[in-house]
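*Asks:* Have a look at this one before I ask anything.
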Amino acid sequence: MKLVSYLREETDQLAILVDGLLYHTQELHPDLPNNMGMFLMMWEDVIDIAKQADALLKAGKNPGSAVGIAVNSVQLLSPVPFPTSCRDGYAFRQHVAAARRNRKVPMIPEFDQYPIFYFTNHNAIQGPGEILCMPDHFEKLDFELEVAVVICKAGRNITAAEADDYIGGYMIMNDMSARTLQMEEMLLNLGPAKGKDFSTVIGPMLVTPDELESLKIPAKEGHTGNNFNLKMTCKVNGIPVSEGNMGDMDWTFAEIVERCAYGVNILPGDVIGSGTVGTGCFLELNGTGKLNDPDYTEQWLQPGDVVEMEVSGLGILSNTIVKEDTDFSLLALKKKA
C-alpha cells in the first residue's frame, strides 16, 4: 500500500495512491482517519481496513464514495507531515569508510560494534517542492541520499528480532546539509545542529512493507532484520551524481530501532533515517574526486538546482533549491579569537 499526504483546504489530507490516482481515506471507509498522524496512532485498528480498500482499488473496484484525483494535480506534503521526532542513523559502511579515507584517517572500528543515530529537527520536515535556504547554507550546501522508516506503534526496550513489527513503512529521505556550518560547530564536539536543522525532506509517499516483499533480501552476516534490494539514485539538474542500494545497509533498521528504543519510549510518528548510502552526497564525492585528482573541481548545490532522488518501489522525490531574500549570516557573527 502507498500512502500520500497532500494539501487540501489548508490542511493535510491522507490518501491511498493507486495507478496515479489518490483516494481520500475517509471516503474509502468511515473508520479510516483522514490524516497520517491519526492513522499512525490508530495503526493496529485501521491497517487491515486500509489494506482491504487498497486491494479493492487495485482490482478496479471502489469500496466507498472516493473519487480518484490525479496525484500530479495536488501539492504533496511529506507522507508524515508532523513527525513526533526525527532521528538519522549511520548504517552504510561504504559511505563512512570512504569519507574517512578521503580525510586520510583510518576506519573507526566502533562502526562495526553498534549502530548510532542523531536527532534532527522534526519541525523542519518537508516533502517535495522548494527548499528555502539561507546564505550560510550555500557555504557547501549538500544533499544526502537515504531511506527512512516511520514507527507505527509505541514500544520500549524492543529487540532487533521484533523491531520490524514496529515499522509502518518506508520513504525516501534527503538529509540536507550545510557543510561549513556543520564542520565548524562539530569542532566543539557537539552537533550536528545548525548544519542540519533547516530542512529534512521525506517523500513522496509511505510504502508499507508488504508492498516490498518481493524485493526482500537477507541482512548482512551477523545482522538481524529485514533488508531490501532497492536501487537508490540521485540526479542534480538531470545529471546522475549518486547510485547505491538499500541492500548495502550494514546495520538494519531493526537494529537501529533496537538502539533507539533502549530505555526510551518510541512512538507512532517517529521517523528514523538510514544515513547516507555510499556515494550519496557531494561531501563524499568531492573528497574522492580530490583524492584521485588534485585539480578536481568541487560541486555543491546552488540556487535553482533541482535534486531528484529515486528509490525502487518508493518513487521519485524532487526538490528545487531556493535562496531566501536576505543577507543575514551567522558566519558573519563569529567573534574573533
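Read the figures in this text as sums done on the coordinates, not as results from a lab. These numbers were taken from a predicted model, which means no experiment stands behind them. Cβ coordinates were reconstructed from backbone atoms using ideal geometry, including for glycine residues, and neighbour counts include every protein chain displayed.
*Asks:* Take peptides 224-230, 102-108 and line them up by average Cβ neighbours within 10 Å, highest first, as a rough protection proxy.
*Replies:* Working: 224-230: 19.6, 102-108: 11.0.
Descending mean neighbour count gives 224-230, 102-108.
*Asks:* Counting other beta carbons within 10 Å of each Cβ, put Ile16, Ile151 in order, fewest first.
*Replies:* Values: Ile16 24, Ile151 27.
Going from least to most buried by this count: Ile16, Ile151.
*Asks:* If you don't mind, another one. For Thr200, enumerate residues with amide H under 5 Å from its amide H, sequence gap 5+ or separate chain, H modeled in the peptide plane.
*Replies:* Residues meeting the criterion, in which the H sits 1.01 Å from N, are Ile125, Gln126.
*Asks:* Given the pairs Lys140/Lys216; Lys153/Lys220; Lys104/Lys194; Lys2/Lys61; Lys140/Lys334, which are separated by over 28 angstrom at their Cα positions?
*Replies:* Lys140/Lys216
*Asks:* I need the Debye-formula profile for the chain: one equal scatterer per C-alpha, no solvent, reported as log10 I(q)/I(0) at q = 0.07, 0.08 1/Å, two decimals.
*Replies:* -0.29, -0.38
*Asks:* Whole-Hz Karplus ³J(HN,Hα) for region 172-177, in order, using 6.51 cos²θ - 1.76 cosθ + 1.60 and θ = phi - 60°, x for Gly and Pro?
*Replies:* Using θ = phi - 60°, the values come out as 6, 10, 10, 8, 4, 9 Hz.
*Asks:* Then there's this: How high is the FRET efficiency from Met107 to Glu130, r the C-beta distance, R0 45 Å, rounded to 0.05? Walk me through the intermediate numbers first.
*Replies:* Details: r = 38 Å, r/R0 = 0.84.
Once the sixth-power term is evaluated, E becomes 0.75.
*Asks:* Report the label-to-label distance for Lys58 and Asn72 in nanometres (one decimal), using points 7 Å from each Cα along the Cα→Cβ vector.
*Replies:* Between Lys58 and Asn72, the simple spin-label model gives 2.4 nm.
*Asks:* Oh, and also: Relative to the longest principal axis of the C-alpha atoms of the chain, give the angle of the C-alpha long axis of helix 93-102, reported between 0 and 90° and rounded to the nearest 10°.
*Replies:* Around 20 degrees separate the two axes.
*Asks:* Moving on. Sum up the charges of everything whose Cβ sits under 9 Å from the Cβ of Lys2, counting Lys and Arg as +1 and Asp and Glu as -1, but leave Lys2 out. If you can, show how the numbers build up before the last one.
*Replies:* On the way: positive: none; negative: Asp54, Glu211.
Summing Lys and Arg as +1 and Asp and Glu as -1 gives -2.
*Asks:* By how many degrees, between 0 and 90 and to the nearest 10, does the Cα long axis of helix 282-292 differ from the longest principal axis of the chain?
*Replies:* Tilt relative to the chain: about 40 degrees.
*Asks:* So if we plug the beta-carbon distance of Asn292 and Ile239 into 1/(1 + (r/R0)^6) with R0 = 22 Å, what FRET efficiency do we get, rounded to 0.05? Show your work: numbers first, answer last.
*Replies:* On the way: r = 19 Å, r/R0 = 0.87.
Computed FRET efficiency for Asn292 and Ile239: 0.70.
*Asks:* Okay, next question. Find how much the distance from Arg100 to Leu331 grows on full extension, using 0.36 nm per residue of separation minus their present alpha carbon separation; answer in nm with one decimal. Working shown, then result.
*Replies:* Details: separation 231, 0.36 × 231 = 83.16 nm, distance 2.59 nm.
Once the chain is fully extended between Arg100 and Leu331, it gains 80.6 nm.
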